[in-house]
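Trainee: One structure, as structure tokens, below. Some questions next.
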Amino acid sequence: MHVQIVLFDGFDPLDAIAPFEVLYAGGMASGGAVTVEFVTAEGPREVVSGTGGLALRATGALDPDRAGLVLVPGASGRVGDPGEVPEEEAGAAGEWRADEFIPVLLGRTLDTGLPALLKAAMDNPEVLMASVCGGSLVLAMAGLLEGRHATTHHQGMDMLDATGVQAVHARVVDDGDLVTGAGVTSGLDLGLYLLEREVGPRIAHAVEELFAHERRGVVWRGAGPLPAAL
């Protein structure tokens, strides 16, 4: 399974690095059954995160025709509403700022080639789409998740619901060819679950032991009887 982790200006580093390390370790434990790379909509480049100017290098362009997994991280920046930014701090019009508000950083992906590439990937039956934290909001704002079950950071659940998504309060949500993770550290749990689901529980367990991290919570799936009110 080849994994393409998508970077964009203002991405959250842990959203991307946590699943990268878990899945990369899964590749080592499985004798190369999993490969991982960072990509962008534009191709190879340095991509500046929203955390202290930390940058990662993407080595390729997102290829929606390539079978495997595409994973979208969220953004990191200020917490609050964009309208709270004082005018004197706002910078030049159209200028990207690493300390911008998270909804703005996520929204700016809509003005790139990323939405079309993500749609093509989701239309490919050989691609499994995944996200961490606000990555599901990137997909939702692009109009790609209407009616689907997904999760995101707890501060973004109302926004996710407003886009027509069936928002689920769970750490990991499996909706078939769409698997989403909640808050930032859920990238570890998401990566381990994807290894278990796509490669096998023995590989996932070996990586879990290596990382000294036990997955939290029950993975929500649309299966089984509906629960009664508790």
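Trainee: Does segment 2-34 hold any residues that are part of a loop (DSSP other than H, G, I, E, B) and under 20 Å from Glu198 (Cα atoms), and which are they?
Mentor: Applying the first criterion (part of a loop (DSSP other than H, G, I, E, B)) to segment 2-34 yields 7-10, 12, 30-34.
Listed by number, the residues that qualify are Ser30, Gly31, Gly32, Ala33, Val34.
Trainee: Any residue in segment 7-29 that's over 17 Å from Thr59 (Cβ atoms) and open to solvent by less than 10 Å² (accessible area, probe 1.4 Å): show its pairings with residues that are in a helix (DSSP H, G or I) and among the aromatic types (Phe, Trp, Tyr) at Cβ separation under 8 Å, as long as the two are six or more apart or on different chains.
Mentor: These pairs meet every condition: Val22/Phe211; Ala25/Phe211.
Trainee: Please list, ordered by first then second residue, the pairs with beta carbon atoms under 6 Å, 6 or more apart or interchain, first in segment 46-67 and without any contact (Cβ under 8 Å) to a residue 40 or more places away in the chain, second in a loop (DSSP other than H, G, I, E, B) and open to solvent by 50 Å² or more (accessible area, probe 1.4 Å).
Mentor: Thr59/Pro44
Trainee: If I filter segment 157-175 down to residues being in contact (Cβ under 8 Å) with a residue 40 or more places away in the chain, open to solvent by 20 Å² or more (accessible area, probe 1.4 Å) and not hydrophobic (A, V, I, L, M, F, W, C), which single residue comes out as farthest from Asp12 (Cα to Cα)?
Mentor: Out of the qualifying residues, it is Asp175.
Trainee: State the number of residues belonging to segment 113-156 that are in a helix (DSSP H, G or I) and either among the β-branched types (Val, Ile, Thr) or surrounded by fewer than 19 Cβ atoms within 10 Å (Cβ to Cβ) (or both). Walk me through it before giving the result.
Mentor: The initial filter retains those residues of segment 113-156 that are in a helix (DSSP H, G or I), namely 114-123, 135-141, 154-156.
From the residues that got through so far, the ones that are either among the β-branched types (Val, Ile, Thr) or surrounded by fewer than 19 Cβ atoms within 10 Å (Cβ to Cβ) (or both) too are 115-116, 119-120, 123, 138, 154-155.
Within segment 113-156, residues that are in a helix (DSSP H, G or I) and either among the β-branched types (Val, Ile, Thr) or surrounded by fewer than 19 Cβ atoms within 10 Å (Cβ to Cβ) (or both) number 8.
Trainee: Just a yes or no: is a residue in segment 39-48 under 22 Å from Pro125 (Cβ atoms), at pLDDT 95 or above and in contact with a strand residue (DSSP E or B) (Cβ under 9 Å, 6 or more places away or on another chain)? Let's see the steps before the verdict.
Mentor: Of segment 39-48, the ones under 22 Å from Pro125 (Cβ atoms) are 39, 41.
After this cut, where a residue has to be at pLDDT 95 or above as well, the list is 39, 41.
So of that shortlist, the ones also in contact with a strand residue (DSSP E or B) (Cβ under 9 Å, 6 or more places away or on another chain) come out as 39, 41.
Within segment 39-48, one or more residues are under 22 Å from Pro125 (Cβ atoms), at pLDDT 95 or above and in contact with a strand residue (DSSP E or B) (Cβ under 9 Å, 6 or more places away or on another chain).
Trainee: Which of the residues spanning segment 49-62 are polar (S, T, N, Q) and either farther than 18 Å from Leu105 by Cβ or more than 17 Å from the chain's Cα centre (by Cα) (or both)? Write out each step before concluding.
Mentor: The first filter runs over segment 49-62 and keeps only residues polar (S, T, N, Q), leaving 49, 51, 59.
Across segment 49-62, the qualifying residue is only Thr59.
Trainee: Related question: What are the residues in segment 176-203 that are open to solvent by less than 10 Å² (accessible area, probe 1.4 Å) and over 28 Å from Asp123 (Cα atoms), if any?
Mentor: none
Trainee: Quick test for you: out of Glu42, Glu37, Glu46, pick the one residue that is under 15 Å from the mean Cα position of the chain (by Cα) and either part of a loop (DSSP other than H, G, I, E, B) or surrounded by fewer than 23 Cβ atoms within 10 Å (Cβ to Cβ) (or both). Spell out the reasoning first.
Mentor: Details: Glu42 fails: under 15 Å from the mean Cα position of the chain (by Cα); Glu46 fails: under 15 Å from the mean Cα position of the chain (by Cα).
After ruling out the rest, the residue left standing is Glu37.
The values are calculated or read from the model by the stated rules, or taken from the named source; none is laboratory data. The shown structure was predicted, so the numbers you read here are calculated from the model rather than taken from an experiment. In this analysis, Cβ positions are derived from the backbone assuming ideal geometry, glycine residues included, and neighbour counts consider all displayed protein chains. Surface areas here come from the heavy atoms of the whole protein model, side chains and all, with no ligands, DNA or RNA. Shrake-Rupley method; radii C 1.70, N 1.55, O 1.52, S 1.80 Å.
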